[in-house]
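First comes the structure, then the notes that go with it.
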Amino acid sequence: MAAALEGAAGDDEPALKRRLRRLRQRVLLRVMARDLDGGAALAEVCGTMSDLAELEIAAALDWTRARDLVVIAMGKLGGRELNVSSDVDLVFAYPAEADPEPLERAGRKLIGLLAEVTEDGFAFRVDMRLRPYGESGPLASSFAALEAYFVAQGREWERYAWIKARPITGGAHAELDAIVRPFVYRKYLDYGTLAAMRRLHAEVRRDVARRELAEHVKLGPGGIREIEFVVQALQLVRGGREPALAVRPTLEALARLAERKLLPEDSARELAAAYDFLRRTEHRLQYLEDRQTHTLPEDPGDRERVAHMSGFATWDAFYAALQAHREAVQRHFQDVFAESAGIDAPDLWQDDRESMARALAGRGFRNPEMSAERLLATRRSQRYAVLPADSRQRVDALVPALAAAAARAQDPDATLARGLDLIEAIARRAAYLALLAEHPEALERVTRIVAASSWAADYVTRHPLLLDELLDDRVLYAPPDWREFARLLHELLGAAAGDVERQMNVLREQHQSMLFRLLAQDLAGLLGVEHLADHLSQLADLVLQAALGAVWAQLPGRHRDAPRFSMVGYGKLGGKELGYASDLDLIFLYDDPDERAPELYARLAQRLNHWLTTRTASGVLFETDLRLRPSGEAGLLVTSLEAFARYQEESAWVWEHQALTRARHCAGDAEVGAAFEALRTRILVRPREPAALAAEVLKMRERMHEAHPNRSGLFDVKHDRGGMIDIEFVVQFVVLAHAHRHPGLTANLGNIALLKMAGELGLVTPDLAERGREAYREFRRLQHALRLNGAQYARVPPDRVAAHVHAVRALWAQVFV
């Protein structure tokens, strides 16, 4: 095609118009022939017509010499989905430094070159109504004017229209994208767009009914427009948070929605098949009438021709297939856009405290007066009073639904209070209210979660973005796919490259999302404490690895593609016993002979710790404790592997070797990590004199006990004698005292597995080892349950754990006395 327009810039105007029109005619004939003989897929037909339009627009613009004019393809051309008789929807824009008057003249000339009817017809009809202010606006807008329009005047339907916007001429495309993208795609999950799209579709439906367009394959029920509404609504909801969804072609967007399980695979497949069938039907109607039409013919002969062009023997057979596709589209459209029926419980949300209290009592609330007062406080609050009308309506619908759901919880009053805290926290974010209003099942699930745990209630209130995780049980309760999690994290960080704040938020949001899924599975009884800790530790490892890669990629002066750097976890992270809110005990090691290495890795460690611990709009990723590095807080933030080995062999205290029993390479260079693990084993298998070792271990245990006094009368399952720390010290002593004869003890298997090994090796009696294992499991379970409900200390009545305490003290006596 391009060869046919070579030298066109030197043509006079009539000659150029002739070239453009005759080229279109030739290309159209070839496309029709390949389409009707089955040789061309839909993508080829639309792609060829889109290529032709872009080529002719570029040639016409080149002829005008207006190289600063940015022609933005909208609609079908923007998505490279142009049909055989489409108008081209265009918007003209220009960078700030361009002179507008000659560009306006060039724009008018370009339209004439394409659209004026001559003896050869036209090249392409041009529709400019999508520009700012429509037909009353200037033909071309500066980038600054376009941005100002979006901020002050941009309407919901324009966001929908600008999804497919694609600049096809001129320069400064990145600058334009930086203006368009924030208008189209919000930073948050934009469920408010569903209501706006629903209203827009209702207007289309009324227009279809008024104009009697039921047999219109584009606008009629189950038509092309409804498929586009489904796809683009889900893009608008999520495209700001998932950049991979911000694509223009409808079928590509459908595939990506299915990949991310945002549409069921069967739904995406049926919608894609319907789109293909309807677009091909659209083309056949246009072949028949040689004009832009989308209405099925009434003439029997024309009907038969359309059926035969579509590969059907009769009109009835064709129409049955068409109806099947349209019915499928309507069904899936309804699944996405159906309005929630809501909860009819007005008695649970009114101004009369006594009436509300009676209603709550009737639903099983134990302290209905207190809960009625809490509801009334929300209803009369200043925060509620200043809400926009649509947000207030959503709150009015959500609160009674929350109260009705809370009534089914074990403690309705506490559940309602926690739920109201959440609704009050999100009330000014219309998108979150819309999410819960659009998805009653999400409100039901979040009510169950806040009922089960005050910590979970606080977590989701602080991070309301997590409400999105509640939409699909299949995702919420699915076992973690760590390979997919790492892939997605890498993809999202790559998409945010160059924007440090966004990358830091990506790490936080993805960590929070996966942690919340694990929390939901934990509260549903699907995960034991040990499996949960394994998952939380794996999650931390992957996030640390991703953070390290992102920080290194932006480090000035880096001298290699990947750092020779290891992040070593100690404590709960090292022992894979991480909890939801655990700090990360870390040290940073490097093994790199480059003379720049000490300074580079020091800057890397400092910046990496900043990325982990800084509070952003998405919160804090991890709290870190770096005091276990050589020489503690007085030591360097990052240590060479050689210096670390020298310190461990010559200067480390016994307690530091105790800590080493629970250390492991968590993230970074695998070779450096393996070298650390070899060093760790070498230190742990050194022969030690048992009595001297025991004295040092007992001295450290006494210090820890004194640092955590307990005068409550309750038993502290972690710190008190006979508790978790006693078991951990027993295991550490066994490893350090006996690993030189039993090197298998150096494996970082966790306290429960190492106690079993100690029993099998005869280092403690097997019965005591097993009872110690049972005690450790129970203590961890109790600690976990108490923290899930906000307890500051893991303390219980002594008689509740007396048998376990007795077993641990017996184990302690056997090892140390």
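Some points to look at:
- Selection over the stretch 277-308 of residues that are open to solvent by 50 Å² or more (accessible area, probe 1.4 Å), touching a residue at least 24 places away in the same chain (Cβ under 8 Å) and either in a helix (DSSP H, G or I) or among the hydrophobic types (A, V, I, L, M, F, W, C) (or both) gives a count of 1.
- When A634 is tested against (1) open to solvent by less than 20 Å² (accessible area, probe 1.4 Å); (2) of a type outside the set (D, E, K, R); (3) free of Cβ contacts under 8 Å to residues at least 24 places away in the same chain, just one condition goes unmet, and that condition is (1).
- Within the stretch 330-354, considering residues that are at pLDDT below 65 and not in a helix (DSSP H, G or I), the one surrounded by the fewest Cβ atoms within 10 Å (Cβ to Cβ): A341
- Scanning the stretch 422-453 for residues that are within 21 Å of P388 (Cβ to Cβ) and either among the aliphatic types (A, V, I, L, M) or in a helix (DSSP H, G or I) (or both) yields a count of 16.
- Qualifying residue in the stretch 311-328 (condition: polar (S, T, N, Q) and at pLDDT below 95): no
- Enumeration of residues in the stretch 115-174 that are under 21 Å from A98 (Cβ atoms) and of a type in the set (S, T, Y): Y133, S141, S142, Y149, T169
- Residue count for the stretch 552-608, restricted to those that are part of a loop (DSSP other than H, G, I, E, B) and within 18 Å of D541 (Cα to Cα): 12
- One residue from V399, V386 being open to solvent by 10 Å² or more (accessible area, probe 1.4 Å) and of a type in the set (A, V, I, L, M, F, W, C): V386
- Test result for R777, farther than 19 Å from K576 by Cβ, part of a helix (DSSP H, G or I), touching a helix residue (DSSP H, G or I) at 6+ places or on another chain (Cβ under 8 Å) and open to solvent by 30 Å² or more (accessible area, probe 1.4 Å): no
- Within the stretch 648-675, the set of residues being open to solvent by 20 Å² or more (accessible area, probe 1.4 Å), under 18 Å from L542 (Cβ atoms) and in a helix (DSSP H, G or I) comprises just one member, A670.
- Residue list for the stretch 117-155, filter: among the small types (G, A, S) and either in a strand (DSSP E or B) or touching a Ser or Thr at 6+ places or on another chain (Cβ under 8 Å) (or both): G121, A140, S141, S142
- Among the residues making up the stretch 213-234, those that are among the aliphatic types (A, V, I, L, M) and surrounded by fewer than 20 Cβ atoms within 10 Å (Cβ to Cβ) are L213, A214, L219.
- Taking the criterion of being surrounded by fewer than 15 Cβ atoms within 10 Å (Cβ to Cβ) and in a helix (DSSP H, G or I), the residues of the stretch 256-268 that qualify are E259, E265, D266.
- Scan of the stretch 458-478 for residues that are part of a helix (DSSP H, G or I) and touching a Gly at 6+ places or on another chain (Cβ under 8 Å), ordered by number: D458, R462
- Helices (runs of 4 or more DSSP H) contained entirely in the stretch 1-116, each with at least 2 residues that are open to solvent by 70 Å² or more (accessible area, probe 1.4 Å) and closer than 16 Å to L139 by Cβ: 100-115
- The test for being at positive phi and either open to solvent by less than 40 Å² (accessible area, probe 1.4 Å) or in contact (Cβ under 8 Å) with a residue 60 or more places away in the chain (or both) does not hold for G759.
- Every residue from the stretch 616-647 that is assigned to a helix (DSSP H, G or I) and hydroxyl-bearing (S, T, Y): Y647
- Checked against (1) surrounded by 15 or more Cβ atoms within 10 Å (Cβ to Cβ); (2) under 16 Å from A214 (Cα atoms), A320 meets all criteria but (1).
- Some residue of the stretch 530-539 being surrounded by fewer than 23 Cβ atoms within 10 Å (Cβ to Cβ) and part of a loop (DSSP other than H, G, I, E, B): no
- Looking across the stretch 725-755 at every residue that is under 17 Å from V529 (Cβ atoms) and touching an Asp or Glu at 6+ places or on another chain (Cβ under 9 Å), the one that is modelled with the lowest pLDDT is identified as G750.
- Every condition in (1) open to solvent by 20 Å² or more (accessible area, probe 1.4 Å); (2) at pLDDT below 90 holds for V237 except the one numbered (1).
- For the stretch 126-135, the criterion of being touching a helix residue (DSSP H, G or I) at 6+ places or on another chain (Cβ under 6 Å), among the aliphatic types (A, V, I, L, M) and either surrounded by 15 or more Cβ atoms within 10 Å (Cβ to Cβ) or under 28 Å from L16 (Cα atoms) (or both) is met by at least one residue.
- In the condition set (1) at pLDDT below 95; (2) more than 22 Å from R429 (Cβ to Cβ); (3) surrounded by fewer than 21 Cβ atoms within 10 Å (Cβ to Cβ), S513 is compliant with all but (2).
- Selection within the stretch 411-435 - under 19 Å from the mean Cα position of the chain (by Cα) and either modelled with pLDDT of 90 or more or open to solvent by less than 10 Å² (accessible area, probe 1.4 Å) (or both): I426, A431, L433, A434, L435
- Restricting attention to the stretch 516-528, the residues being part of a helix (DSSP H, G or I) and buried (at least 18 other Cβ atoms within 10 Å of the Cβ) number 7.
- Top-ranked residue in the stretch 156-192 [being in a helix (DSSP H, G or I), in contact (Cβ under 8 Å) with a residue 60 or more places away in the chain and open to solvent by less than 40 Å² (accessible area, probe 1.4 Å); ranked as farthest from H439 (Cα to Cα)]: L176
- Every condition in (1) assigned to a helix (DSSP H, G or I); (2) out of contact with any Phe, Trp or Tyr (no Cβ under 9 Å at 6 or more places or on another chain) is met by R711 except one, and the failing one is (1).
- Among the candidates R408, R366, R380, residue that is in contact with a Ser or Thr (Cβ under 9 Å, 6 or more places away or on another chain), surrounded by fewer than 15 Cβ atoms within 10 Å (Cβ to Cβ) and of a type outside the set (S, T, N, Q): R408
The values are calculated or read from the model by the stated rules, or taken from the named source; none is laboratory data. In this text, all values refer to a predicted model and were calculated from it rather than measured experimentally. FYI the Cβ positions are ideal-geometry reconstructions off the backbone, even for glycines, and counts take in every protein chain you see. Only protein heavy atoms, including side chains, enter the accessible area calculation; ligands, DNA and RNA are left aside. Shrake-Rupley method; radii C 1.70, N 1.55, O 1.52, S 1.80 Å.
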